[in-house]
Amino acid sequence: MLIRRTDRYNNILWFLSTVTEPYGMFQSREQILPHTKGQLDMESGKTRDGHKVRHPTSYWDTLLHIFKGNISSGLLAMGDAFKNGGIVFAPIMTAILGVICVHAQHLLLNGSEEMHRQTKQDRPPGFAETVYLAFAKGPLRLRPLATTMKIVVNFFLCITQLGFCCVYIVFIANNIKLICDHYEVHIDLSIHMIIVVIPVLLACMVRNLKYLTPFSTIANIMMAVGVSVVIYQATLDLPSVHTRNYIASWQQLPLYFGTAVYAFEGIGLVLPLKNEMKNPEEFQKPFGVLNIGMIIVGSIFITVGFLGYLKWGEGVAGSLTLNLEPGHVLSNVVQVLIGCAVLFTYPLQFYVPVGITWPALKKRCGEKCLIAKELGYRALLVLLTFILAESIPELGLFISLVGAVSSTALALVFPPLVELVVASQKKEGLSVFIIVKDTIIILFGLFVFVTGTFQSIASIVRAFRI
């Protein structure tokens, strides 16, 4: 991690380093270098686990990156999540869900650390590689599944990131349409999406992340200012809590879970964040970076969701920016700021699926006109996200669908599965507590996956019939 570079830029670089280990593409220029000495010399940047970091980060630096990596478009959707959960049920369940997601992140970190110890690699493995190694070194009957499991994890990583990109297109188009409608410029939402995809397509033709760094800095500032104003607006003239549903209908609850998991889905960042710390052992302590950071993040989610639903009730939109009073200069400025911030973020998120899929395709394309072929592939992926966004223009339902389909698998299914496989190979074996705990988490993840996906699709179908 580089302190001097922008946070979102670094977050994407870290994430890419965890999902593209075999390919070596888009790696941070500040790589983790192999080191053979065991004892850590902090002044020289050496670490005791066998690798060193050129620019190690402190406790507070990493805490800041936890905030930046988890607070994104999902935060502005929490009002819609609370509408589908209820003013009493949603805060309680969000806190419980946060605890489960953080525990799953600890399981992934522990699995990566154990695989690093066993394999003695130059650096700890990333998400997909951890799952692969866990199965490859697990029980004999599970070892043939190792490669398949790695492919599945990378598949869900791609689906998640491309889903984020689809949400971004819908998000930006909705905000632009709201402003245009107020000034009597009535254009269909589909046309707005076509307009949005043009600058997105051009930005995604940039093959080196370093050229996007200035835009990432601008995006961070815009998002911080915009979210602050939205929260302030949500606190004005609040109605009584009794005017809202304490708990939503059972048909709505799966939509709540999908959106909430979407907001909490930052598990891909925990491994690189820990590995880049000056004192990595501080990351997982009871009062370490991960726990403290996620407590604050969860509190922000609950606060924004509670205020958003309490303020706008059943009319709360898939993004709180869409509920700002139209025509006000401040509202328009906020919508433009956050819309531009999301626009600048799209190409950064887009690098993840490209980094996973293009290296394998490149081997089959031959060396002739390789750059042109890569740019063509990037254009096809952008157009794919555009087509999906055009197909499902309902922002809140799209967020819930992405959360249910892919985020649940990454955040709630694979981490406990890794612990079960790794623990089964230890001398003490699997304890009853681990079996019961991990089985409950996996079943809960599968429940959210099935019910959330079904209800999201059903709600999208109903929305098209209206």
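On a per residue basis, the convex hull of the C-alpha atoms belonging to region 127-275 measures out at 236 Å³. On the principal axes of its alpha carbon atoms, region 109-163 extends 35, 27, 16 Å, with the longest extent given first. The mean sequence separation of alpha-carbon pairs under 8 Å and at least six residues apart, normalised by the residue count of the chain, gives a relative contact order of 30 percent. Return P(r) of region 245-395 (all Cα-Cα pairs; 10 Å bins starting at 0; whole %; ordered from short to long distances). Calculated over all Cα pairs of region 245-395, the distribution is 8, 23, 29, 26, 12, 2, 0 percent. Not counting the cut sites, what is the longest span of the chain without trypsin sites (Lys or Arg not before Pro) that DSSP labels loop and that have at most 10 other Cβ atoms within 10 Å? The reported range is 142-367. Using only Cα atoms and rounding to the nearest 10 degrees, what angle (0 to 90) does helix 370-391 make with the longest principal axis of the chain? Compared with the principal axis, the helix lies near 50 degrees. Applying a DSSP loop filter and a limit of 15 other Cβ atoms within 10 Å to the chymotrypsin sites (Phe, Trp or Tyr not before Pro) in region 160-242 leaves Y183. Between helix 89-119 and the chain there is an angle of about 20 degrees, using the helix long axis and the longest principal axis of the Cα atoms. The distance from the alpha carbon centre of region 281-333 to that of region 88-146 is 27 Å, rounded to a whole number. Average accessible surface for the chain: 42 Å² per residue, computed with a 1.4 Å probe over protein heavy atoms with every protein chain in place.
Among the GluC sites (Glu not before Pro) in region 368-466, those located in a DSSP loop and surrounded by at most 16 other Cβ atoms within 10 Å of their own Cβ are E428.
Over region 75-144, Cα pairs under 8 Å with separation of 6+ residues give a relative contact order of 17 percent. Around the Cα centre of the chain, unit charges on the Cβ atoms of Lys, Arg, Asp and Glu (plus for the first two, minus for the last two) sum to a dipole of about 1400 debye. 3J(HN,Hα) along region 158-167, derived from phi through the Karplus expression 6.51 cos²θ - 1.76 cosθ + 1.60 where θ = phi - 60°, amounts to 5, 4, 4, 5, 5, x, 4, 4, 4, 4 Hz, with x in place of Gly and Pro. Across the accessible surface of the chain, with the other protein chains kept in place and a 1.4 Å probe, carbon and sulfur atoms take up 66 percent. Each principal axis of the Cα cloud of region 265-328 was evaluated for its coordinate range; sorted largest first, these ranges are 49, 20, 20 Å. Per residue, the convex hull spanned by the alpha carbons of region 106-214 comes to 170 Å³.
Taking amide hydrogens as placed 1.01 Å from N in the peptide plane, the amide H of M277 sits under 5 Å from those of T57, each at least 5 positions away in sequence or on another chain.
The phi-based Karplus calculation (6.51 cos²θ - 1.76 cosθ + 1.60; θ = phi - 60°) puts the 3J(HN,Hα) values of region 136-152 at 5, 9, x, x, 4, 6, 9, 4, x, 8, 4, 4, 4, 5, 5, 5, 4 Hz, whole numbers, x for Gly and Pro. Its Cα gyration tensor gives the chain an equivalent ellipsoid, and the semi-axes of that ellipsoid, as √(5λ) in whole Å with the largest first, are 35, 26, 22. Against the chain, whose longest principal axis comes from its Cα atoms, helix 253-264 is set at around 60 degrees.
The values are calculated or read from the model by the stated rules, or taken from the named source; none is laboratory data. This structure is a prediction, so every number in the text was calculated from the model and none was measured. Backbone-built Cβ (ideal geometry, glycine too); neighbour counts: all protein chains shown. The area values use the complete protein model at the heavy-atom level, side chains included, leaving out ligands, DNA and RNA. Shrake-Rupley method; radii C 1.70, N 1.55, O 1.52, S 1.80 Å.
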